[in-house]
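Nothing in this text is a laboratory measurement; each read-out follows from the coordinates by a stated rule. If you're wondering where the values come from, they're calculated on a predicted model, not measured in any experiment. Cβ atoms come from the backbone with ideal geometry, glycine included; neighbour counts cover every protein chain shown.
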Amino acid sequence: MFTDTHAHIFKEYYEDIDKVIKDAKMNGVNKIICASTKISDAKEIIKTSSSYNEMYYCLGIHPEEVKENLDELKRLIEEVKDDPKFVGIGEIGLDYHYGKETKDKQLKYFDEQLSLAEEYHLPVVIHSRDATQDTIDILKKHHVKGIMHCFSGSKETAKILMDMGLYFGVGGVMTFKNAKIDEVIKDIPLERIVLETDSPYLTPEPYRKYQNEPKYIKTIAEHLSEVKIIPLNELSVVINKNVKDIFDI
Ligand SMILES: [Zn+2]
């Protein structure tokens, strides 16, 4: 059994969420952690997760959504702080690839949401794109554990983040042709890796023509077991321990 540590299972993308969950379970994915990117997502996932034992959630405002109201997010977090399905702050971070013009606001939102994670003793799920140095600098000001989602940095960056206690989310990108990330992943100990789909985006090969779903964690796990040269059942034991250490689920 595996956990998809990062997915966006919302009505905006999926007509039949029942089927998505069922297909995930049939493929050995019995836990799915959904991350919000904006307030409407956050509200939806609080509701949806109560209908599915398999579904957990993180609340956060994505760096591309910094027009959203941070105070409203804080109010929501206070409301659900005792919900056992609420397991982290995310998806938060910095994206200078798409949003360089909102850089100052992104820095403020990231910083404040990291403080929320500290205040509520929750792990974080971090999105960082073309913003490595600022991400590292801001993380150094906080004491948080969590995941570098869709990590695509260098070995050097991985080492710095590892020394800070962070984990790495590995997903469909690893299966793409010419993906150089395999070389970096080889160097990261399995004890620091978790699996994620980032559904509905980044479907792994050979299914790229389909919309991504948590069921494809199986494909990602198989690819990782080849890269790490470790049997799938042994891989799952280590990865599940990592998920437990981060999210306590
Ligand atoms: Zn995401």
Charge dipole of region 72-148 about the Cα centre (unit charges at C-beta), most positive-ward option of M148, Q113, T102: M148
Unsatisfied cross-links (Cα-Cα over 19 Å) in the set K31/K140; K159/K218; K19/K241; K31/K85; K43/K105; K11/K177: K31/K140; K159/K218; K19/K241; K43/K105; K11/K177
Proximal charge balance of N240 [Cβ under 13 Å; K/R count +1, D/E count -1]: -2
Semi-axis lengths, Å, region 121-218, gyration tensor of Cα atoms, sqrt of 5 times eigenvalues: 24, 15, 12
Fluctuation leader among H62, H149, H121 - the chain, Gaussian network, Cα springs under 10 angstrom: H121
Cβ-Cβ FRET estimate between K47 and E183, R0 fixed at 41 Å, reported to 0.05: 0.50
Calculated FRET efficiency for the pair H121/S152, C-beta based, R₀ 30 Å, to 0.05: 0.55
Extension gain from M162 to K11, taking 0.36 nm per residue of separation minus the Cα-Cα distance: 50.8 nm
Estimated distance in nm for a label pair at V227 and H143, the labels positioned 7 Å out from Cα along Cα-to-Cβ: 3.2 nm
Average Cα contact separation per residue, region 2-247, under 8 Å, 6 or more apart, as relative contact order %: 21 percent
Over the chain, equivalent-ellipsoid semi-axes from the Cα gyration tensor in Å: 25, 22, 17
Low-density loop cleavage sites - trypsin sites (Lys or Arg not before Pro) in region 137-196, where at most 14 other Cβ are within 10 Å (DSSP): K141, K177, K180
